[in-house]
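Peer 1: Please find one structure pasted underneath; my questions will follow.
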Amino acid sequence: MFEIGGRYANRRGPFKTLGFLSVRTSMIEAILPKKAVGGFSSTYKRIKGGKISSATPGVYIHPDPDVDKWGAEMRVTLRASPSELTQLDFGRHAYAVDDPARPRESYRINNNGYVWDILRLGFELGSSQSVSQIQAAIPTIYLDDFRNGMSKAV
């Protein structure tokens, strides 16, 4: 998604947004029905190199084996003001909606593809992010944009 030759080529907004998210993400979650744990675990291991369990921060395995869910539901929760939110670019298919617990203070991006993309760039499930780890994955030509987003988030 964020490859130089991909759909974000010559677009600086998504990298500014990644900088903002590296500071303001309060939680990255995966809600899994039991039947989706195997597939999710396999993809997670391929991307992150480790295994998941019910003890992994941000992972919630639904206790009801008959829950009406077909697969993983992944989301990012971030803190932002409404005016800050208008400055962020999550891409064509990802957008932020009010977090029901804190409307107009906290927002959610409910998009599995987007979450997988940011996990590939060094973000982690749970509430703890390593800005330096994420920054190391940003292409050099977008580092100023990433840092600009970080500064807007402080």
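Peer 1: By how many nm would the segment from Asp68 to Lys34 lengthen if fully extended, with 0.36 nm per residue of separation less the alpha-carbon distance?
Peer 2: On the way: separation 34, 0.36 × 34 = 12.24 nm, distance 1.10 nm.
That works out to 11.1 nm of additional length.
Peer 1: Taking a quarter of the surface of the Cα convex hull of the chain, what do you get in nm²?
Peer 2: Its average projected convex-hull area is 9.2 nm².
Peer 1: How high is the relative contact order of region 76-142, in percent, with contacts defined as C-alpha pairs under 8 Å that are six or more residues apart?
Peer 2: 27 percent
Peer 1: For the chain, what does -39500 (n - 2.57) per DSSP helix run (n ≥ 4), summed and divided by total residues, give at 222 nm, in deg cm²/dmol to the nearest 500? Could you put the intermediate results ahead of the total?
Peer 2: Details: 6 runs with 54 residues, N = 154.
Mean residue ellipticity, 222 nm, calculated: -10000 deg cm²/dmol.
Peer 1: Helix 37-48: angle to the longest alpha-carbon principal axis of the chain, degrees 0 to 90, nearest 10?
Peer 2: The helix 37-48 is inclined about 30 degrees to the chain.
Peer 1: Pull up all non-local amide H partners of Ile138: gap of 5 or more, or a different chain, and H-to-H distance under 5 Å with H placed in the peptide plane.
Peer 2: Distant-sequence amide H within range of Ile138: zero hits.
Peer 1: What do you get for the angle between helix 143-153 and the principal long axis of the chain? Use alpha-carbon atoms, 0 to 90 degrees, nearest ten.
Peer 2: Helix 143-153 sits roughly 80 degrees off the main axis of the chain.
Peer 1: Ok, one more. How large is ³J(HN,Hα) for each residue in region 80-86, as worked out from phi by the Karplus curve 6.51 cos²θ - 1.76 cosθ + 1.60 (θ = phi - 60°), to whole Hz, x for Gly and Pro?
Peer 2: Per residue, the Karplus-derived 3J(HN,Hα) values read 6, 7, x, 6, 5, 4, 5 Hz.
Peer 1: What list of ³J(HN,Hα) couplings, whole Hz, do you get for region 99-115 from phi and the Karplus terms 6.51, -1.76, 1.60, once you set θ to phi - 60° and write x for glycine and proline?
Peer 2: Running phi through 6.51 cos²θ - 1.76 cosθ + 1.60 with θ = phi - 60° gives 6, x, 6, 8, x, 6, 10, 9, 9, 10, 10, 9, 8, 4, x, 5, 5 Hz.
Peer 1: For the chain, which whole-number percentage of the solvent-accessible area (1.4 Å probe, protein heavy atoms only) is attributable to carbon and sulfur atoms?
Peer 2: In the chain, the share of accessible area belonging to carbon and sulfur is 50 percent.
Peer 1: So if each residue of separation counts as 0.36 nm, and I subtract the Cα-Cα distance between Glu84 and Ile47, what length gain in nm does that give?
Peer 2: Separation in residues times 0.36 nm, less the Cα-Cα distance, equals 10.3 nm.
Peer 1: Okay, next question. What net charge do the residues around Ser41 carry, taking every other residue with its C-beta under 11 Å from that of Ser41, with Lys and Arg at +1 and Asp and Glu at -1?
Peer 2: Residues close to Ser41 contribute a combined charge of +4.
Peer 1: Would you mind checking the tilt of helix 13-24 against the longest principal axis of the Cα atoms of the chain, expressed as 0 to 90 degrees and rounded to 10?
Peer 2: In the chain, helix 13-24 runs at an angle near 60 degrees to the longest axis.
Peer 1: Among the lysines, which fall within straight-line cross-link reach of Lys152, defined as a Cα-Cα distance under 29 Å, with same-chain neighbours fewer than 8 residues apart omitted?
Peer 2: Reachable lysines: Lys16, Lys48.
Peer 1: While we're here: Rolling a 1.4 Å sphere over the protein heavy atoms, what is the accessible area per residue of region 54-104, to the nearest Å²?
Peer 2: 65 Å²
Peer 1: Please give me the summed charge of the neighbours of His62: other residues whose Cβ is under 13 Å from its Cβ, Lys and Arg +1, Asp and Glu -1.
Peer 2: -2
Peer 1: Please list the non-local residues whose amide H lies under 5 Å from the amide H of Ser106, H modeled 1.01 Å from N, same-chain partners needing a gap of 5 or more.
Peer 2: Excluding prolines and chain starts, which carry no amide H, the hits are Ala80, Asp99.
Peer 1: Related question: What does the charge count near Asp98 come to, summing +1 for each Lys or Arg and -1 for each Asp or Glu among other residues with Cβ under 13 Å from its Cβ?
Peer 2: +3
The values are calculated or read from the model by the stated rules, or taken from the named source; none is laboratory data. In this text the structure is predicted, and so the values were computed from the model without any measurement. For neighbour counting, all protein chains shown are included, and Cβ atoms are generated from backbone atoms with ideal geometry for every residue, glycine included. Note: accessible area is taken over every heavy atom of the protein model, side chains too, but ligands, DNA and RNA are not part of it. Shrake-Rupley method; radii C 1.70, N 1.55, O 1.52, S 1.80 Å.
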